[in-house]
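**Q** The following block contains the structure, expressed as structure tokens.
The values are calculated or read from the model by the stated rules, or taken from the named source; none is laboratory data. These numbers come from a predicted model, not from an experiment. Counting neighbours? That spans all protein chains shown, and the Cβs are built from the backbone with ideal geometry, glycine included. Just so you know, the surface numbers come from the protein's heavy atoms only, side chains and all, with ligands and any DNA or RNA stripped out. Shrake-Rupley method; radii C 1.70, N 1.55, O 1.52, S 1.80 Å.
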Amino acid sequence: MNAPDRPDAAELIEAVFEFLAEEVLPNAPDHRAKFRTLVAMNALGIVYRELAALPAEDDAGQRELARAIRAGEVPPGTLERVKADLEARLRIASPQFLESYRG
């Protein structure tokens, strides 16, 4: 088996994040540039967490569950499954909200 290509996606994200945090943000000329840099860093954080969460449940499984629910055939454990999916999505998109929600 060949070694994976380097740098991988996570390493690239880390490198760009580090560049923004160490080079761009401290030297941003004004508040607008700092804000936009922080927005970019937040977006990179989301992408990084999405990569860490892979492999996620396949779309086919989600489509099948949605079809069953629409047909009134709610499988046992659906509520727990939906809660787990929501938690996983919040962990990626807004981990701070997830922690405050649990609080």
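**Q** For Cα pairs less than 8 Å apart in space and 6+ apart in sequence, what is the mean separation divided by the residue count of the chain, i.e. the relative contact order in percent?
**A** 23
**Q** Taking all protein chains in place and a 1.4 Å probe, what share, in percent, of the accessible surface of the chain do carbon and sulfur account for?
**A** Accessible surface attributable to carbon and sulfur in the chain totals 60 percent.
**Q** Between the DSSP loop rule and a limit of at most 13 other Cβ atoms within 10 Å, which GluC sites (Glu not before Pro) in the range 19-69 are left?
**A** Passing both the DSSP loop test and the Cβ count: Glu57.
**Q** Helix check for the chain. Which DSSP H runs span at least 20 Å along their own axis by Cα, with a mean Kyte-Doolittle hydropathy no less than -1.0?
**A** Membrane-span-like by this criterion, though nothing is claimed about a membrane: 31-53, 78-93.
**Q** If you don't mind, another one. What figure, in Å² to the nearest 10, do you get for the accessible area of Leu51 with a 1.4 Å probe and non-protein molecules left out?
**A** Estimated to the nearest 10 Å², Leu51 gives 70 Å².
**Q** What ranking of Lys34, Lys83 comes out by heavy-atom accessible area, probe 1.4 Å, highest first?
**A** Lys83, Lys34
**Q** Follow-up question, since we're still on this one. Rounded to the nearest 10 Å², what accessible area does Asp85 show when all protein chains are kept and the probe is 1.4 Å?
**A** Counting only protein heavy atoms, the figure is 60 Å².
**Q** With volume of the Cα convex hull per residue in Å³ defined as stated, name the option among [x] 112; [y] 164; [z] 131 computed from the structure displayed.
**A** Given [x] 112; [y] 164; [z] 131, the structure-derived one carries the label [y].
**Q** Assuming R0 = 22 Å, can you tell me the calculated FRET efficiency for the pair Glu23 and Glu50, based on Cβ-Cβ distance, to the nearest 0.05?
**A** Between Glu23 and Glu50 the formula returns 0.35.
**Q** Given a 1.4 Å probe, how much area per residue of the chain is accessible, in Å²?
**A** Counting only protein heavy atoms, the per-residue value for the chain is 80 Å².
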